[in-house]
1. Look at the range 18-47 and say how many of its residues are in contact (Cβ under 8 Å) with a residue 60 or more places away in the chain and over 16 Å from residue 221 (Cα atoms).
2. Could you tell me whether residue 26 is farther than 19 Å from residue 108 by Cα and modelled with pLDDT of 95 or more?
3. Spot the failing condition for residue 72; the list is (1) more than 15 Å from residue 126 (Cα to Cα); (2) more than 17 Å from the chain's Cα centre (by Cα), and only one is missed.
4. Would it be correct to say that residue 161 is exposed (fewer than 14 other Cβ atoms within 10 Å of the Cβ) and at negative phi?
5. In the range 91-110, what count of residues is obtained for those that are surrounded by 15 or more Cβ atoms within 10 Å (Cβ to Cβ), closer than 17 Å to residue 7 by Cβ and within 17 Å of the chain's Cα centre (by Cα)?
6. Does the range 98-117 hold any residues that are under 30 Å from residue 76 (Cβ atoms) and touching a strand residue (DSSP E or B) at 6+ places or on another chain (Cβ under 9 Å), and which are they?
7. So how many residues does the range 32-75 have that are touching a helix residue (DSSP H, G or I) at 6+ places or on another chain (Cβ under 6 Å), within 18 Å of residue 101 (Cβ to Cβ) and either assigned to a helix (DSSP H, G or I) or modelled with pLDDT under 90 (or both)?
8. Among the residues of the range 169-181, is there at least one that is modelled with pLDDT under 95, under 21 Å from residue 66 (Cα atoms), under 17 Å from the mean Cα position of the chain (by Cα) and part of a loop (DSSP other than H, G, I, E, B)?
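The values are calculated or read from the model by the stated rules, or taken from the named source; none is laboratory data. Since we're looking at a predicted model, the values are computed, not measured. Reconstructed Cβ throughout: ideal geometry from the backbone, glycine too, with neighbour counts over all protein chains shown.
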């Protein structure tokens, strides 16, 4: 079993619902949803191009998936998660935009957001004691030969190559999109998410996702508000 600390909006948020329908899966209920009809892409092609983010659920990574370290329990992790959420104050990303990261498409902040970068750094450090070391197979899956020296060091030390100054917050909407399909994908996503792009994003909740076994879909185990004590909300 693996856990991950992600940014996620509440289940009833409009962006959550729009992204869930685009991906064809709701991570809160682990249920399949109908896809919007996109004739230019075709149903099977759209399913294939969204397969990776569909399994992980709509989110922004703060602490990448990890198995529990020896001597740590799920109860320990949940207690730490409660404390962490209560200590962080909610904030706003001034504006999000649709962006292409290599062959992938995602929603990202329009400009650097120091509070968001700080949240991610705190999550990486705070939950590191709960992370079991990566296996050789886990490291190999990250294709370390394609990483920079610093990214390889972060992968070994922190379990993820894109932390601290390498961090780029993104809420993934596709897997790798072939070059010839990228223009129609950009046009499709621009229309699908125009209600949200160019507008602020409230960062007022944090989520603990769980992967029951390797390769299984990730689901929301707990979603908590940032700042102050609040009753646990179990998804």
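1. Number satisfying all stated conditions: 9.
2. Numbers: farther than 19 Å from residue 108 by Cα: yes; modelled with pLDDT of 95 or more: no.
No; evaluated as a whole, the condition is false for this residue.
3. (1)
4. No: the conditions fail for residue 161.
5. 8
6. Those that are under 30 Å from residue 76 (Cβ atoms) and touching a strand residue (DSSP E or B) at 6+ places or on another chain (Cβ under 9 Å): 115, 116.
7. Residues that pass the stated criteria total 2.
8. no
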